[in-house]
Amino acid sequence: MKKSILITGGSTGIGAATALLAAQAGYAVAINYRKSKEAAQKVVDAIREQGGVAIAVQADVGVPEQIQHLFQRVDQELGALNVLVNNAALLEPQARFKDLDYDRLQKIFAVNVLGVFVCSQEACKRMSTASGGKGGCIVNISSIAAKLGAPFEYIDYAATKGAMDTMTIGLAKEVATEGIRVNGIRPGIIHTDIHAKGGEPDRINRVKDSVPMKRGGTAKEVAEAILWLASDKASYMTGSIIDVSGGR
Ligand SMILES: NC(=O)c1ccc[n+]([C@@H]2O[C@H](COP(=O)([O-])OP(=O)(O)OC[C@H]3O[C@@H](n4cnc5c(N)ncnc54)[C@H](OP(=O)(O)O)[C@@H]3O)[C@@H](O)[C@H]2O)c1
């Protein structure tokens, strides 16, 4: 029986690269998407063409009922869940702190924080050896913005990632004796469509000189670290957060 991995927001960018790499590593892959149905199907097709197992499941992780449905589909189609990658995130257009309106704040915290909490609760219910599960791993995709604060751009987004890092540390300690490891990755500036969503498609060019390695990273470079943390090679790691940021 293949190990299974659920990647939220797995249709594009870092999530898609993780899905492809996970399939190559022998996982059965569940790709969650919110609206990028075609992109999700492309990832599923690419995995199946190489003889792998993959499904795509639509769900908005900002809506708890949809998260329940997502996990039920994974139960039914892939069996016991081994790895959850909390990768889905919202980034709204760049704005000054004073202009972050309440609706925007509610939306971004609902997806990037509450969604991660609820997905992780569902995963722990299934994985915990205390409730008959076989253990497992959670990998939280944070951001180097949690350390930098993202002034003049998106302090709201950065703060959601800070909350995620705190959750990684607390949950890791709480479930350490239940067979569950919880770790995080803080990517730096990575070549994906997220910068266009933030209103500046060419952002990497503008800020790359602030990166010691003087370049943006690739989604695959982040995916490699995610898969390593999820693997038995990282068996003594929990509550750790790794920066994949070119030194930024
Ligand atoms: N790229 C970077 O420079 C960078 C840096 C630091 C951290 N990160 C983090 O890396 C992760 C992946 O981002 P990315 O760069 O790969 O960008 P991306 O390609 O825009 O991926 C974000 C994904 O999240 C999904 N998503 C958004 N809201 C969702 C919701 N409510 N429910 C379910 N899925 C939702 C999107 O799916 P739909 O299109 O279907 O909505 C999309 O596939 C994010 O957590 C991001 O914060 C990225």
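Gain on full extension, evaluated as 0.36 nm per residue between residue 76 and residue 97 minus their Cα-Cα distance, stands at 3.2 nm. The ellipsoid equivalent to the alpha-carbon distribution of region 121-238 has semi-axes of 31, 15, 11 angstrom, derived from the gyration tensor eigenvalues as √(5λ) and listed largest first. Region 1-29 and region 149-205 have Cα centres spaced 19 Å apart.
Provide the gained length on full extension for the span residue 228 to residue 1, in nm with one decimal, where the gain is 0.36 nm per separating residue minus the Cα-Cα distance. Provide the component values of the computation, followed by the final result.
Details: separation 227, 0.36 × 227 = 81.72 nm, distance 2.02 nm.
Length gained between residue 228 and residue 1: 79.7 nm.
Between the helical axis of 64-78 and the longest alpha-carbon principal axis of the chain there is an angle of about 40 degrees.
Percent of alpha carbon pairs in region 179-247 separated by more than 19 Å? Please list the in-between numbers first.
Numbers: 982 of 2346 pairs.
So the pairs more than 19 Å apart make up 42 percent of the total in region 179-247.
Considering only alpha-carbon pairs that sit under 8 angstrom and 6 or more positions apart, the relative contact order computed for the chain is 19 percent. Sequentially through region 226-231, phi angles give Karplus couplings (6.51, -1.76, 1.60; θ = phi - 60°) of 4, 5, 5, 4, 6, 8 Hz, Gly and Pro residues having no value and appearing as x.
Cross-link pairs exceeding 27 Å between alpha carbons, from the set 37/98; 2/125; 147/220: 37/98. Neighbour counts of C-beta atoms inside 10 Å place 35, 3 in the sequence 35, 3, starting with the fewest.
Eigenvalues of the Cα gyration tensor times 5, then square-rooted: what semi-axes does that give for the chain, in whole angstrom, largest first? Present the calculation step by step, with values, prior to reporting the outcome.
Values: eigenvalues 146, 76, 67 Å².
Each semi-axis is √(5λ); the values are 27, 20, 18 Å.
Across region 112-120, computed HN-Hα scalar couplings (Karplus, 6.51 cos²θ - 1.76 cosθ + 1.60, θ = phi - 60°) run 7, 10, 5, x, 5, 4, 5, 4, 5 Hz from first to last residue, x flagging Gly and Pro. Beyond 15 Å, the tail of the calculated P(r) for region 57-153 holds 66 percent of the Cα pairs. Working from the Cα coordinates of region 3-107, the gyration tensor eigenvalues give, after taking √(5λ), semi-axes of 28, 15, 11 Å in decreasing order.
All of the numbers you see were taken from the coordinates with simple rules; none came from a lab. From a predicted model like this one, the values you see are computed outputs, not experimental measurements. FYI the Cβ positions are ideal-geometry reconstructions off the backbone, even for glycines, and counts take in every protein chain you see.
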